[in-house]
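Asker: For reference, the structure I am asking about is given below.
The values are calculated or read from the model by the stated rules, or taken from the named source; none is laboratory data. Computed from a predicted structure; not experimentally measured. As a convention, Cβ positions derive from the backbone with ideal geometry for all residues, glycine included, and neighbour counts pool all protein chains shown. Just the protein is used for accessible areas: all its heavy atoms, side chains included, with ligands, DNA and RNA removed. Shrake-Rupley method; radii C 1.70, N 1.55, O 1.52, S 1.80 Å.
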Amino acid sequence: MVRRLALALALLVSLLALALLMPRASSQAGQAQFLVVGSNGVALCYPYLVEASGLENLVTGSNVSLWPNDVALQATCSQGYIVVIGEHGAYFISSQGPYLARFSELPYEDFVGASGDMVAYFINRTIFVVTPSYDYVMYPPPGFTPISFSVDSGVPEALLYHNGTFALEFPPNIVFYLNVTSPYQGGIVNGSTLLISAGNGTIYVYSLVPYARPLLVATYQAPVVLTKVYMASGNYVLGLSGAGTTLLQLGQPTQARFLGNAVPTPVGYYAPDLGYTFVLSSGSWVPVPGYAIGLLAGLAAVTDVQNGLTVLYPLYPTLLDLGTPVSGTLVMGSVSLAASLTPGLYALPSPSVLQAAGFTVQLMGGYEEYPMSVSPPVTSTLIVYAPSAQPVESFSGVSYVSAGSGGLLMITPGQAVVLTANGRTLTIPGTWSFGGLGPAGVALYSGGTVYIYNYQGQQVASYHIVIGYVPMIMSPYQLGNNYYLLLEGPGAPGNGTIYIYGPSGVTSFQETLRVEDVGTGVSVVFSPSSSAGYIQAGPHTIPIQVQKFYASVNGLLVAYRTPSGNYVIDDLATGDQYVVLDAPLMPVYPLGNGLIATYDAKAGVVNVLSLPQIELGELKLVVMSSPGSSIYVNGTLAGVGQATVFAPYGATLNITAAKPYASPSTRIVHLTSSETIYVSPVPLTAHVALRVFSPIPISSVEATINGTTLTWAVNGTVSLTAGIPYSIEITSASPMNYCRPESAVLAFPPGNNTFTFNCTLSVPVLELYSSLPASVTIATPTGTVASVNLTPGVPRYLAMTPGTYTLLSTTSVSGRAPLTLPISIGSPGLYAYNVTPPPAASVGVLTVYSNVPYANITVKYQNGTAVVSRIGSVSISLRPGVYLVSASAPGYVNVTKSVIVSAGSTLSVVLPLTPYTPPVHRVPPTRLIVIGAAAGATAAAAGLGLLIYRRSRLPPEEVQI
């Protein structure tokens with residue numbers, strides 16, 4: 001530790017001498033290098049570095065050029081945009097991407113200023129304010145010109161000057177004249193503040209609200225008159241006076257510092273003669289080599305040094321002696337930078353963390369070496385802990401213990417006791433809850449405040465922090481004259497968030513679950529879910545088995561408890577390892593020189609023990625096995641399921657575990673430490689195949705076997721442990737989940753077995769089959785229920801609700817007729833139907849009859865050729881076509897009709913006949929004379945009902961003779 005601190009001090013002095021003697025840092029041998037982040041930097045808009053030719057992403061290390069034919073001269077940053085002002089115009093770059101959102105082609109000689117995402121140009125007596133999406137225009141009064149531009153609450157504002165008079169303008173034409181005169185343009189507007197240097201040396205400070213008259217809030221009398229104002233920050237004003245660049249510190253009285261030919265930068269002022277930028281940090285002006293353009297996390301400056309390089313210059317350096325290439329990330333609070341470093345000596349910001357694959361280096365000031373010079377443990381001294389061992393020293397009434405930086409902290413009533421690395425005892429009076437040790441001294445917590453004491457017992461700092469938990473990491477360290485506190489965040493122990501408290505505020509970074517000595521950087525890293533852990537010492541990773549939180553690190557000494565109950569103490573400086581067997585379940589802290597401290601929290605006692613004085617005793621072996629297993633030790637039954645055996649160091653034990661339906665398992669143990677082992681019989685396997693009986697096709701089922709869900713294919717096999725009862729639940733089936741769930745509890749013997757699932761349908765299922773491609777519509781009287789297309793020979797299954805349905809099956813195959821089928825669906829079950837459309841008929845049936853039973857019915861082709869003629873009626877099958885049908889009967893009028901016969905049709909035709917009525921002829925009356933024999937003939941005619949007419953001059957009449 002002394003060697004590390006001396007080397008750190010020597011290198012820090014070398015670095016400071018280098019910074020004072022050289023304008024810019026170089027990377028020559030023996031000199032500290034800086035992290036290079038880019039080249040020709042213009043402005044810092046984290047995570048981007050604006051370079052003359054493009055944007056450098058400081059997190060990823062990637063570069064993009066969005067103004068290929070221009071050169072960036074300056075830039076401003078806003079929440080969503082980076083505004084780059086080039087020689088040819090203004091580039092508005094969205095920081096999401098990034099991509100060029102807008103370009104305004106305006107000459108740089110007309111540039112007035114930029115603020116946020118707004119850029120102002122003065123052209124033809126008009127101020128043009130350009131933004132990413134729209135523009136403003138302001139018209140200064142005659143003769144006035146803009147000398148400063150800013151933005152307040154999204155509103156542009158311009159400070160105007162003309163002939164000794166100042167005015168403030170808001171768009172489009174709102175002007176307020178100020179009651180200040182000066183022959184010089186010494187003024188600046190900066191957001192909500194306006195500052196003007198009057199001709200009599202008075203500094204006027206105004207408070208601004210958009211579109212309102214400026215409110216004078218303060219005046220200061222300066223020893224000089226500023227002819228130009230470059231910057232106003234806090235109570236500092238940087239400007240130009242008759243003596244050159246001048247820095248004013250406003251106050252009573254106002255002080256002036258004359259800087260010669262210094263020029264302003266985005267974060268301070270640059271002195272060309274010295275090659276330094278003076279950066280305002282925590283109220284002090286800090287010299288930074290080169291032309292600084294930005295600050296990161298208040299810990300480092302981004303600055304241009306020789307050869308056009310832009311580097312990260314630490315305000316509080318840690319000297320990292322790097323012996324191997326590193327490609328990773330440098331984390332400073334919420335800021336991250338890509339870091340690719342070659343071997344050498346580097347000056348990096350403090351506090352920060354250098355993270356790369358497999359390791360983390362905490363940079364807390366002073367000197368760090370990577371890889372760290374450590375000796376992994378190579379020798380072991382075995383010690384069996386004996387409760388009768390006499391302590392070297394004992395402390396009682398102890399409520400809290402922690403170790404670090406080679407010492408041990410104990411809190412007792414009314415005081416804190418520290419055993420330091422040099423063996424001296426330090427006592428700090430007070431009522432303390434907990435604390436920690438670090439390179440700078442002791443941190444102690446009491447009543448919402450952390451007090452920091454150096455190792456001489458003097459209080460050097462304090463931080464008001466309300467801590468409602470006991471942190472695993474609480475360590476003070478020192479950078480220059482400032483003291484910092486490294487504190488684990490709230491939540492579960494080792495939750496991974498580390499907070500750094502310092503004079504300028506608090507930052508944080510993420511860390512893996514570990515305990516650590518901040519002074520050396522050695523840590524024990526835990527696994528969140530297992531006993532696997534490792535010791536991290538620089539790049540060295542030493543795997544260990546450790547009980548979580550039962551570990552401590554003190555300098556290069558590491559102590560941890562293994563899952564078997566042993567405590568291991570590793571000395572990384574010498575490579576020695578001590579294994580304390582059968583150690584009590586209590587924290588152990590290594591103190592060096594062969595000493596350890598044990599803490600019995602229940603009794604409140606800390607005992608300092610000498611390892612060589614601890615006596616050797618018996619070791620304990622705990623054998624764990626599966627439930628019901630018989631455990632034999634050297635052939636003797638020692639227990640069932642678990643057994644505990646005591647034996648001397650080095651004993652050889654034959655452990656066997658046996659159980660029905662399992663193969664016995666044997667293990668030979670050479671006892672060198674108290675430990676717990678697991679010896680279990682090897683279970684035999686039952687291979688269980690799934691058999692399914694189902695009215696519908698099933699390819700697999702979803703099953704749960706003892707809580708484990710799986711997809712079980714039909715005829716597929718699962719492997720189970722033989723002889724163990726299994727709860728098997730069939731919850732669903734695929735591809736159709738129409739079966740009722742089924743469950744059973746079964747135990748299977750070794751070998752091949754079968755589990756049978758009988759599918760009982762839970763709903764009515766309709767099975768449709770067709771030997772032809774068919775489209776089937778299922779309908780009820782109220783409408784269509786479903787429509788399906790059938791593939792020949794492939795059944796389709798549909799879940800149905802009880803009811804009456806009509807199936808209509810049609811096909812695109814020619815010669816087939818539609819099939820209409822009424823069906824009835826009832827209780828759950830399978831309802832199968834063949835819905836193959838039947839062959840279509842090739843003839844039609846024609847039936848013809850009349851109302852006269854003895855009528856002659858005739859059917860003829862359209863050309864008159866007779867087909868059939870019958871008495872009474874005709875029923876005949878005919879090819880499709882047009883036919884003539886007729887009916888005739890004596891005393892009736894014949895009827896003929898044309899009909900059309902279609903294939904598959906049945907046509908009935910009725911031909912009604914009406915009686916025939918002959919015409920009646922009327923003649924004039926005639927006198928009839930019957931003479932002689934003619935009388936008989938006449939009588940005969942009369943008997944025949946003949947009507948004989950005769951002509952007469954009388955009116956016509958009908959006479960029956």
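Asker: So, restricting to strands (runs of 3 or more DSSP E) that lie completely within region 440-542, which ones have at least 3 residues that are over 36 Å from the mean Cα position of the chain (by Cα) and either closer than 16 Å to SER552 by Cα or free of Cβ contacts under 8 Å to residues at least 12 places away in the same chain (or both)?
Answerer: Qualifying strands (runs of 3 or more DSSP E): none found.
Asker: Can you say whether GLY89 is farther than 19 Å from GLY191 by Cα and small (Gly, Ala, Ser), as far as the supplied structure shows?
Answerer: Details: farther than 19 Å from GLY191 by Cα: yes; small (Gly, Ala, Ser): yes.
Taking the combined requirement at face value, the residue satisfies it.
Asker: If you check SER133 against the conditions, is it out of contact with any Asp or Glu (no Cβ under 6 Å at 6 or more places or on another chain), part of a strand (DSSP E or B) and among the polar types (S, T, N, Q)? Steps first, answer last, please.
Answerer: On the way: out of contact with any Asp or Glu (no Cβ under 6 Å at 6 or more places or on another chain): yes; part of a strand (DSSP E or B): no; among the polar types (S, T, N, Q): yes.
No: the conditions fail for SER133.
Asker: Still on this model: Identify all residues within region 302-322 that are open to solvent by 20 Å² or more (accessible area, probe 1.4 Å) and assigned to a strand (DSSP E or B); write none if there are none.
Answerer: ASP304, LEU309, TYR313, PRO317, ASP321 - these are the residues of region 302-322 that are open to solvent by 20 Å² or more (accessible area, probe 1.4 Å) and assigned to a strand (DSSP E or B).
Asker: Continuing with this model, one more query. Condition check: on the phi < 0 side of the Ramachandran plot, open to solvent by less than 30 Å² (accessible area, probe 1.4 Å) and part of a strand (DSSP E or B). Does TYR805 satisfy that?
Answerer: Values: on the phi < 0 side of the Ramachandran plot: yes; open to solvent by less than 30 Å² (accessible area, probe 1.4 Å): yes; part of a strand (DSSP E or B): yes.
So TYR805 passes the test.
Asker: Regarding region 684-693, can at least one residue be identified that is among the β-branched types (Val, Ile, Thr) and outside any strand (DSSP E or B)? Lay out the reasoning, then the answer.
Answerer: At the first step, the residues of region 684-693 found to be among the β-branched types (Val, Ile, Thr) are 685, 688, 692.
If we keep only those that are outside any strand (DSSP E or B) as well, we get none.
No: region 684-693 contains no residue that is among the β-branched types (Val, Ile, Thr) and outside any strand (DSSP E or B).
Asker: Taking region 615-631 on its own, how many of its residues are closer than 28 Å to PRO750 by Cα and open to solvent by less than 80 Å² (accessible area, probe 1.4 Å)? Break it down stepwise before answering.
Answerer: Our first condition is that a residue be closer than 28 Å to PRO750 by Cα; within region 615-631, this holds for 623-631.
From what's left, open to solvent by less than 80 Å² (accessible area, probe 1.4 Å): 623-626, 628-631.
Number satisfying all stated conditions: 8.
Asker: Name every residue in region 116-159 that is open to solvent by 20 Å² or more (accessible area, probe 1.4 Å) and small (Gly, Ala, Ser), in order of residue number.
Answerer: Selection gives GLY116, SER133, GLY143, SER153, GLY154.
Asker: Considering only region 245-260, I want to know if a residue exists there that is assigned to a strand (DSSP E or B), within 30 Å of PRO539 (Cβ to Cβ) and among the aromatic types (Phe, Trp, Tyr).
Answerer: Step one: filter region 245-260 for residues assigned to a strand (DSSP E or B), giving 245-249, 255-258.
After this cut, where a residue has to be within 30 Å of PRO539 (Cβ to Cβ) as well, the list is none.
No; the residues of region 245-260 include none that is assigned to a strand (DSSP E or B), within 30 Å of PRO539 (Cβ to Cβ) and among the aromatic types (Phe, Trp, Tyr).
Asker: Sticking with this structure for a sec: Return the residues of region 563-582 that are touching a Ser or Thr at 6+ places or on another chain (Cβ under 8 Å) and either closer than 15 Å to GLN547 by Cα or open to solvent by less than 30 Å² (accessible area, probe 1.4 Å) (or both); say none if nothing qualifies.
Answerer: Passing the criteria: PRO563, SER564, GLY565, ASN566, VAL568, LEU572, GLY575, VAL579, LEU581, ASP582.
Asker: Return only the number of the condition from (1) modelled with pLDDT of 90 or more; (2) within 39 Å of the chain's Cα centre (by Cα); (3) open to solvent by 20 Å² or more (accessible area, probe 1.4 Å) that LEU337 does not satisfy.
Answerer: Condition not satisfied by LEU337: (3).
Asker: While we're looking at this one, here's another question. Does THR836 qualify as being assigned to a strand (DSSP E or B) and farther than 28 Å from PRO741 by Cβ? Working first, answer last.
Answerer: Details: assigned to a strand (DSSP E or B): no; farther than 28 Å from PRO741 by Cβ: yes.
So THR836 fails the test.
Asker: Can you pull out the residues in region 833-845 that are open to solvent by less than 70 Å² (accessible area, probe 1.4 Å) and at pLDDT 90 or above? Reasoning before the result, please.
Answerer: Kept after step one, since they are open to solvent by less than 70 Å² (accessible area, probe 1.4 Å), are these residues of region 833-845: 833, 835-838, 840-841, 843-845.
Selection gives TYR833, VAL835, THR836, PRO837.
Asker: Mind checking which strands (runs of 3 or more DSSP E) fall wholly inside region 169-210 and carry at least 2 residues that are of a type in the set (Val, Ile, Thr) and open to solvent by 20 Å² or more (accessible area, probe 1.4 Å)?
Answerer: Values: elements: 174-181, 187-190, 193-197, 202-207.
The strands (runs of 3 or more DSSP E) meeting that bar are 174-181.
Asker: For region 603-614, how many residues are modelled with pLDDT of 90 or more, open to solvent by 30 Å² or more (accessible area, probe 1.4 Å) and not in a strand (DSSP E or B)?
Answerer: Count: 1.
Asker: As an exercise: evaluate VAL401 against (1) more than 30 Å from ASN607 (Cα to Cα); (2) out of contact with any Asp or Glu (no Cβ under 8 Å at 6 or more places or on another chain) and give the number of the one condition it does not meet.
Answerer: Failed condition: (1).
Asker: Determine whether region 911-925 contains at least one residue that is modelled with pLDDT of 50 or more, part of a strand (DSSP E or B) and on the phi < 0 side of the Ramachandran plot.
Answerer: Going through region 911-925, the residues modelled with pLDDT of 50 or more turn out to be 911-925.
Subset that is part of a strand (DSSP E or B): 911, 915.
If we keep only those that are on the phi < 0 side of the Ramachandran plot as well, we get 911, 915.
So far as region 911-925 goes, yes, one or more of its residues are modelled with pLDDT of 50 or more, part of a strand (DSSP E or B) and on the phi < 0 side of the Ramachandran plot.
Asker: I'm told VAL518 meets every condition in (1) open to solvent by less than 30 Å² (accessible area, probe 1.4 Å); (2) modelled with pLDDT of 80 or more except one. Can you identify the failing condition by its number?
Answerer: Single failed check for VAL518: (2).
Asker: Could you check region 752-783 and list, in sequence order, the residues that are hydroxyl-bearing (Ser, Thr, Tyr), farther than 30 Å from ILE730 by Cβ and assigned to a strand (DSSP E or B)?
Answerer: Going through region 752-783, the residues hydroxyl-bearing (Ser, Thr, Tyr) turn out to be 754, 756, 760, 762, 769-771, 775, 777, 780, 782.
Still in the running and farther than 30 Å from ILE730 by Cβ: 770-771, 775, 777, 780, 782.
If the condition is that a residue be hydroxyl-bearing (Ser, Thr, Tyr), farther than 30 Å from ILE730 by Cβ and assigned to a strand (DSSP E or B), then SER775, THR777, THR780 are the ones that fit.
Asker: Let me ask something else about it. Inspect all residues belonging to region 595-602 and state whether any of them is open to solvent by 30 Å² or more (accessible area, probe 1.4 Å), without any contact (Cβ under 8 Å) to a residue 12 or more places away in the chain and either part of a loop (DSSP other than H, G, I, E, B) or assigned by the TED database to the domain that holds TYR534 (or both).
Answerer: Yes, region 595-602 contains a residue that is open to solvent by 30 Å² or more (accessible area, probe 1.4 Å), without any contact (Cβ under 8 Å) to a residue 12 or more places away in the chain and either part of a loop (DSSP other than H, G, I, E, B) or assigned by the TED database to the domain that holds TYR534 (or both).
Asker: So which residues in region 81-100 are out of contact with any Asp or Glu (no Cβ under 8 Å at 6 or more places or on another chain) and either open to solvent by 60 Å² or more (accessible area, probe 1.4 Å) or farther than 18 Å from PHE128 by Cβ (or both)? Before the answer, list the steps.
Answerer: Of the residues in region 81-100, the ones out of contact with any Asp or Glu (no Cβ under 8 Å at 6 or more places or on another chain) are 82, 84-85, 90, 93-100.
Answer for region 81-100, where residues must be out of contact with any Asp or Glu (no Cβ under 8 Å at 6 or more places or on another chain) and either open to solvent by 60 Å² or more (accessible area, probe 1.4 Å) or farther than 18 Å from PHE128 by Cβ (or both): ILE82, ILE93, SER94, SER95, GLN96, GLY97, PRO98, TYR99, LEU100.
Asker: Tell me the residue from VAL682, VAL692 that is aliphatic (A, V, I, L, M) and under 17 Å from GLU729 (Cβ atoms), please.
Answerer: The unique qualifying residue is VAL692.
Asker: Among the residues of region 669-683 satisfying the criterion of being of a type outside the set (Phe, Trp, Tyr), in contact with a strand residue (DSSP E or B) (Cβ under 6 Å, 6 or more places away or on another chain) and open to solvent by 30 Å² or more (accessible area, probe 1.4 Å), which is farthest from ASN566 (Cα to Cα)?
Answerer: Among those residues, the one meeting the criterion is PRO683.
Asker: Follow-up question, since we're still on this one. Among the listed residues PRO264, PRO272, PRO325, PRO287, which satisfies the condition of being surrounded by fewer than 21 Cβ atoms within 10 Å (Cβ to Cβ), touching a Phe, Trp or Tyr at 6+ places or on another chain (Cβ under 6 Å) and over 21 Å from TYR46 (Cα atoms)? Break it down into steps so the answer makes sense when it comes.
Answerer: On the way: PRO264 fails: over 21 Å from TYR46 (Cα atoms); PRO272 fails: touching a Phe, Trp or Tyr at 6+ places or on another chain (Cβ under 6 Å); PRO325 fails: touching a Phe, Trp or Tyr at 6+ places or on another chain (Cβ under 6 Å).
Result: PRO287 is the single residue among PRO264, PRO272, PRO325, PRO287 that is surrounded by fewer than 21 Cβ atoms within 10 Å (Cβ to Cβ), touching a Phe, Trp or Tyr at 6+ places or on another chain (Cβ under 6 Å) and over 21 Å from TYR46 (Cα atoms).
Asker: Looking at region 865-898 only, could you name the residues that are within 14 Å of TYR854 (Cβ to Cβ), small (Gly, Ala, Ser) and either part of a strand (DSSP E or B) or in contact with an Asp or Glu (Cβ under 7 Å, 6 or more places away or on another chain) (or both)?
Answerer: Of everything in region 865-898, those that are within 14 Å of TYR854 (Cβ to Cβ), small (Gly, Ala, Ser) and either part of a strand (DSSP E or B) or in contact with an Asp or Glu (Cβ under 7 Å, 6 or more places away or on another chain) (or both) turn out to be SER869, SER873, ALA887, SER888.
Asker: Please find, within region 340-351, the residue that is most open to solvent (accessible area, probe 1.4 Å) out of those that are assigned to a strand (DSSP E or B) and among the small types (Gly, Ala, Ser). Break it down stepwise before answering.
Answerer: Kept after step one, since they are assigned to a strand (DSSP E or B), are these residues of region 340-351: 340-341, 344-349.
Then keep just the ones that are among the small types (Gly, Ala, Ser); that gives 340, 344, 347.
Working: SER340: 97, GLY344: 19, ALA347: 0 Å².
For region 340-351, the residue satisfying everything is SER340.
Asker: Do we have THR652 as more than 25 Å from ILE383 (Cβ to Cβ) and either open to solvent by 50 Å² or more (accessible area, probe 1.4 Å) or touching a Phe, Trp or Tyr at 6+ places or on another chain (Cβ under 6 Å) (or both) here?
Answerer: Details: more than 25 Å from ILE383 (Cβ to Cβ): no; either open to solvent by 50 Å² or more (accessible area, probe 1.4 Å) or touching a Phe, Trp or Tyr at 6+ places or on another chain (Cβ under 6 Å) (or both): yes.
Criteria not met by THR652.
Asker: Something else now. So which pairs qualify, if the first residue must be in region 817-832 and modelled with pLDDT of 90 or more, the second must be open to solvent by 70 Å² or more (accessible area, probe 1.4 Å) and not in a strand (DSSP E or B), the Cβ gap must be under 9 Å, and the two must be at least 6 apart or on different chains?
Answerer: Within 9 Å, the pairs are SER824/PRO802; ILE825/THR801; ILE825/PRO802; GLY826/PRO802; SER827/PRO802; PRO828/ARG740; PRO828/THR760.
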